[in-house]
Amino acid sequence: MALIARIAWRNIQRHRGKSLVIGIILFLGALIMTIGNGVVSGMERGLRDGIINRFTGQIVVISGRQEQDNVIFTPLGKDVQVITGYEKIKHALETSGYVDKFIPVGKGLTLVLNENGDVGYSLVLGVNFEEYQKMFMNNVKLVEGAFLNKDDRGILITSGNRKRFYDELDFWFMPEGVKLNDKNLTDEALKYKDRLDVKNDIVLMGSSMENTTMDLRLKVKGIVKYEYLDDYWKNFNIIDIESFREAFQYVTASDAAVNIPSYQRKLLETDNLDSLFEDNVVTKAGAGNKKYEIAELIGKRAARKKPGIDSGAYNIIFVKLKKGGSIEKSLRKLNDAFKAAGAEARAVPWGNAVGQLADLAMIMRGATIGFVMLIFFVAVIIIMNTLSMAALERVSEIGMMRAVGAQKSFISGMFFAETAVISSVFGGAGIIAGGICISILNLLHITTDNNILELLFGGNVLRPTLGFFDIMIGVIELAVVTVIAAAYPLTVARRITPLDAVTRD
């Protein structure tokens, strides 16, 4: 082995030109592959931060009656089916052992109304905002006004939607008590600042093809933006869950908590409606001498604790798994648990839930990986050709070695050792240089406002990353390139015989 190493090193020095050419190719290949691996890893992290960690989680639970998995960006604002039996689903999630966090929400399309008869639209998320922020790493950032606190009724309008509303409906939304800030005005709004039609509340009407809806007026509590991928999530304004339920005529927590006492229920079930309005109606009900107003009998809610927010209806549940959890295995286990509990629900992966957005992200990731593999393939071909030419130019040398007793395995070992040394030195330098380039790219803080590039970057800033796993992938890729590139030249060298040496001379 030591003899093979010495001969390999001598041959590298003797054929410096060709060795340098092969080394430069390996260096550039390793450099580009390392940078490519860093970009791909940064993109995967960006997808986790921008979509999984900050908007959907790894798994989305939807109604068992929901036909399409795409429930976030539904085509033409199609309804998302209401989830029934939430308590069973909640129990299955809490006792799973592999679910870290989850939050139920309402998602729908609303119409935006005004007194001029103009109609706009808005996608809304009905949530418990404080829990939503905890779940998604405070992804919602305040621009003006205030956030929704516990039990608040109101709406948080995204800055992107506010600009769109101004373009379409000619009024500017502002939280009450907040002064206009020129920096937050569009160029068009700034021109008409003195006669800007400012509104502190908004009238929304739920839009549904299957259920009845109603309109309601909500105070604008704040103007917000999403920290990650705002160009995509800005379409979603945020309202409190009870207002969402009222707009879409879902069961609210208050509705679910209504409990009319039995004696009042008997009165309301009577066939003689006139008897309800007699003076002695309460006395006849056996309620003693205490008198009740009829409105109290019909609409009174039993004395109770404040209803929990989970008492009402939802149509989506976002689920985050514990670190290292497998999405595929968790999906299978969750769906089995729902079936066993008799819950009319099913779990789908986040990519299915966001539809085309995930498809676009995966296509871009695939294109990046494809580019890296193309460099890999080109490097293999060039190195293979160069090594083959080197073997043919050394026919006399190899033939003489065979003549004095060198076996084919010795020749193969010598060629492979030469390639391995060049690969280690130049390829290793390429990996190190690639790591330095990744660090420089992070320091440059390259930003973009292009929607497509935001998906590639995982946000509006390019954040490539290179961890130990990425470096190991680079080393493995380099080793594979070396082995594949050397395979054919080794075959050529092994076929050389002493007769070939004599003939060549």
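Determine whether MET364 is part of a helix (DSSP H, G or I), more than 49 Å from the chain's Cα centre (by Cα) and either buried (at least 18 other Cβ atoms within 10 Å of the Cβ) or at pLDDT below 75 (or both).
Values: part of a helix (DSSP H, G or I): yes; more than 49 Å from the chain's Cα centre (by Cα): no; either buried (at least 18 other Cβ atoms within 10 Å of the Cβ) or at pLDDT below 75 (or both): yes.
No, not satisfied.
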Unmet requirement for PHE248, which otherwise passes all of (1) more than 29 Å from the chain's Cα centre (by Cα); (2) buried (at least 20 other Cβ atoms within 10 Å of the Cβ): (1)
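Where residues in the stretch 94-124 are within 28 Å of TYR166 (Cα to Cα) and of a type in the set (A, V, I, L, M), which of them is surrounded by the fewest Cβ atoms within 10 Å (Cβ to Cβ)? Even if it seems obvious, please write down each step before you answer.
So the first thing to find is which residues in the stretch 94-124 are within 28 Å of TYR166 (Cα to Cα), and the list is 105-124.
Subsequent filtering for residues that are of a type in the set (A, V, I, L, M) retains 105, 109, 111-113, 119, 123-124.
Details: VAL105: 20, LEU109: 19, LEU111: 16, VAL112: 22, LEU113: 17, VAL119: 12, LEU123: 20, VAL124: 28.
Selected residue: VAL119.
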task: Pull up the stretch 47-66, narrow it to residues that are out of contact with any helix residue (DSSP H, G or I) (no Cβ under 9 Å at 6 or more places or on another chain) and modelled with pLDDT of 90 or more, then point me to the one that is farthest from TRP233 (Cα to Cα).
output: ARG65
message: Let me spell it out: the conditions are (1) modelled with pLDDT of 80 or more; (2) hydrophobic (A, V, I, L, M, F, W, C); (3) in contact with a strand residue (DSSP E or B) (Cβ under 9 Å, 6 or more places away or on another chain), and ILE438 meets all of them except one. Which number is the exception?
response: (3)
field: Any chance LEU216 is modelled with pLDDT of 95 or more, closer than 23 Å to TYR314 by Cβ and surrounded by 16 or more Cβ atoms within 10 Å (Cβ to Cβ)
entry: no
field: Output for the stretch 96-136, where each listed residue is in a loop (DSSP other than H, G, I, E, B) and within 19 Å of ILE327 (Cβ to Cβ)
entry: SER96, GLY97, TYR98, PHE136
query: Hey, among the residues in the stretch 122-158 that are among the hydroxyl-bearing types (Ser, Thr, Tyr) and at pLDDT 95 or above, which one's nearest to LEU196 (Cα to Cα)?
result: THR158
- request: Kindly indicate whether any position in the stretch 372-383 is farther than 30 Å from ARG494 by Cβ and touching a residue at least 60 places away in the same chain (Cβ under 8 Å).
  value: yes
statement: Residues in the stretch 165-188 that are surrounded by 18 or more Cβ atoms within 10 Å (Cβ to Cβ) and part of a helix (DSSP H, G or I) total 3
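The values are calculated or read from the model by the stated rules, or taken from the named source; none is laboratory data. None of these values were measured; they are calculated from a predicted model. So basically every Cβ, Gly included, is an ideal-geometry build from the backbone, and we count neighbours across all protein chains shown.
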